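Asks: Please see the structure below; I have some questions.
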Amino acid sequence: CGGLISNSSGMLQSPNYPGNYPNNADCVWEIQVENNFRVMLTFRDVALQNSRCQYDYIEVYDGPPHSSPLLGRICAGSFLTYTSSSNLMSIHFHSDSRYTFRGFQAHYSSIPTDHNIALTCLPDYMHAVVSRDYLQSQGYSAETVTLNDTHCEPTLTAHEVVFSVPYDSCGTIREESNGTINYSNMIKVTSSEYIIKRKKDLHLHLSCKMLQNTWVQIMYVAEDTADINENQFGRYAVNITFYDSSSFLRPVHDSPYYIDLNQNLYLQAYLHSSDPNLMLFVDTCVASPDPQDFSTLSYNIVKNGCAGDSSYAIYYTPNSHFARFKFNAFEFINRYSLVYLRCQLVVCRLGDYSSRCYQGCLSRFKRDTSPTQEKVDVVVGPLKLQEEGAQGRNTG
């Protein structure tokens, strides 16, 4: 019943299909296909309680659920097709507590948007590429391609015009709406004066939407690498690095990181974004001997902003894109050969005092569920207890 889907094609159906779906269902599927592809969804069969779609219904959104344009609300019919305008489409299935029917089945596939224009949303900037062959076929010259801000010039290659557009300059406009931050800009192509046929200027609109109320899986190991989703609907990227002291000057890159039992561990989280109006907050950090399981055998260092270990402490940072903290190596490490940390961080708007970042320690039942922050999940480690008498196992 719901979930994030990233395959290029597949099938969706209501719970128990073709048997009757359950009462009080609320399923949300998010289909996110590759960069520069769109989602095409076709309903093969729809049989819900049909009363003007008031009680049981399917909603199709052109992007994230509820914050994007509604493409359609249906409860009956067959071979209904919807196409997204970006690489993300959401489907919301709702049933009430009364009647049930067999539900729905739908197939989806990804279709290319345009091979002549490509846009990738990276953590620090928009990467836009325009084909020179396309420009030439339309009667335009690559030398006439500019941004709104003409001071930000493109790179011209043999086959492409390439723009690297920062989120905080070059005329990029920043807007916030319903849990999504939208960065937009425009590439202008002016008609050449040597072309006899009168042509209009060509405007290519760029839009990178950074999702907010979504967990992002970013696996981090000591080599300081992170997986970054490069999509028209982008995800914030965060990494965590160990440091050897509270001065946070010398990072530790060893894997595994050998530590002593009573050693203080210093960590710094960094948000990769060129937008200065964002801040980072450490919500939860849990230790486990299994990097895939942080619930069976685990130890809370900080949970919901509340210290779970008495040695946990936060350090001041001069920049809102950083978060620094420390804790003491604990007896938990002595029981297992390797220990990993999973830290859940929150990205909020700087100065938004109602957001999670400014609320500090919260009980589980008072958690903020509003869509005004991005939650980021980072795994770091492993930590390994240094054998007694062994010195200098770490090199960096």
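Asks: How many residues are open to solvent by 40 Å² or more (accessible area, probe 1.4 Å), under 24 Å from ARG38 (Cβ atoms) and in a loop (DSSP other than H, G, I, E, B) when one looks only at the stretch 1-27? Walk me through how you get there before you give the answer.
Replies: Taking the stretch 1-27 as the starting set, the residues that turn out to be open to solvent by 40 Å² or more (accessible area, probe 1.4 Å) are 1, 4, 6-9, 11, 13, 16-18, 20, 22-24, 26.
From what's left, under 24 Å from ARG38 (Cβ atoms): 4, 6-9, 11, 13.
Now narrow it down to the ones that are in a loop (DSSP other than H, G, I, E, B): 6-8.
Residues that pass the stated criteria total 3.
Asks: If PRO123 passes every condition in (1) assigned by the TED database to the domain that holds TYR167; (2) under 30 Å from ALA47 (Cβ atoms) but one, which one does it miss?
Replies: Here PRO123 meets the rest and fails (2).
Asks: Given the residues SER85, SER78, SER67, SER97, which is the only one that is out of contact with any helix residue (DSSP H, G or I) (no Cβ under 9 Å at 6 or more places or on another chain) and open to solvent by less than 60 Å² (accessible area, probe 1.4 Å)? Before the answer, list the steps.
Replies: Numbers: SER85 fails: open to solvent by less than 60 Å² (accessible area, probe 1.4 Å); SER78 fails: open to solvent by less than 60 Å² (accessible area, probe 1.4 Å); SER97 fails: open to solvent by less than 60 Å² (accessible area, probe 1.4 Å).
From the options SER85, SER78, SER67, SER97, the qualifying one is SER67.
Asks: In the list PHE248, PHE242, which residue meets the criterion of being surrounded by 16 or more Cβ atoms within 10 Å (Cβ to Cβ), part of a strand (DSSP E or B) and outside the structural domain of ASN35 (by the TED database)? First the steps, then the outcome.
Replies: Details: PHE248 fails: part of a strand (DSSP E or B).
When all the criteria are applied, what remains is PHE242.
Asks: Okay, next question. Given the options ASP168, ASP133, name the one that is in contact (Cβ under 8 Å) with a residue 40 or more places away in the chain and open to solvent by 60 Å² or more (accessible area, probe 1.4 Å). Steps first, answer last, please.
Replies: Working: ASP133 fails: in contact (Cβ under 8 Å) with a residue 40 or more places away in the chain.
Answer to the selection: ASP168.
Asks: Exactly one condition in (1) open to solvent by 30 Å² or more (accessible area, probe 1.4 Å); (2) at pLDDT below 85; (3) among the small types (Gly, Ala, Ser); (4) closer than 21 Å to PRO251 by Cα is false for ALA313; which is it?
Replies: Looking at each condition in turn, ALA313 falls short on (2).
Asks: If you check VAL39 against the conditions, is it open to solvent by less than 20 Å² (accessible area, probe 1.4 Å), in contact with a Ser or Thr (Cβ under 6 Å, 6 or more places away or on another chain), part of a strand (DSSP E or B) and of a type in the set (A, V, I, L, M, F, W, C)? Outline the logic, then answer.
Replies: Values: open to solvent by less than 20 Å² (accessible area, probe 1.4 Å): yes; in contact with a Ser or Thr (Cβ under 6 Å, 6 or more places away or on another chain): yes; part of a strand (DSSP E or B): yes; of a type in the set (A, V, I, L, M, F, W, C): yes.
Taking the combined requirement at face value, the residue satisfies it.
Asks: Looking at the stretch 48-64, which of the residues that are under 13 Å from ASP96 (Cβ atoms) and hydrophobic (A, V, I, L, M, F, W, C) is surrounded by the fewest Cβ atoms within 10 Å (Cβ to Cβ)?
Replies: CYS53
Asks: Those residues that are open to solvent by less than 80 Å² (accessible area, probe 1.4 Å) and either over 28 Å from the mean Cα position of the chain (by Cα) or without any contact (Cβ under 8 Å) to a residue 40 or more places away in the chain (or both), I need them from the stretch 142-155; list them, please.
Replies: Of the residues in the stretch 142-155, the ones open to solvent by less than 80 Å² (accessible area, probe 1.4 Å) are 142, 144-149, 152, 154.
Across the stretch 142-155, the qualifying residues are ALA142, THR144, VAL145, THR146, ASP149, CYS152, PRO154.
Asks: Does ALA128 meet the test of being small (Gly, Ala, Ser), surrounded by fewer than 20 Cβ atoms within 10 Å (Cβ to Cβ), under 26 Å from the mean Cα position of the chain (by Cα) and under 30 Å from TYR183 (Cα atoms)? Before the answer, list the steps.
Replies: Working: small (Gly, Ala, Ser): yes; surrounded by fewer than 20 Cβ atoms within 10 Å (Cβ to Cβ): no; under 26 Å from the mean Cα position of the chain (by Cα): yes; under 30 Å from TYR183 (Cα atoms): yes.
Criteria not met by ALA128.
Asks: Sticking with this structure for a sec: Against the definition (more than 19 Å from ARG73 (Cα to Cα) and buried (at least 19 other Cβ atoms within 10 Å of the Cβ)), how does PRO123 come out, yes or no?
Replies: Numbers: more than 19 Å from ARG73 (Cα to Cα): yes; buried (at least 19 other Cβ atoms within 10 Å of the Cβ): yes.
It is true that PRO123 is more than 19 Å from ARG73 (Cα to Cα) and buried (at least 19 other Cβ atoms within 10 Å of the Cβ).
The values are calculated or read from the model by the stated rules, or taken from the named source; none is laboratory data. All values reported here derive from a predicted model rather than from experimental measurement. All Cβ positions, even for glycine, are placed from backbone atoms using ideal geometry, and neighbour counts span all protein chains on display. For accessibility, only protein heavy atoms count, side chains too; no ligands or nucleic acids. Shrake-Rupley method; radii C 1.70, N 1.55, O 1.52, S 1.80 Å.
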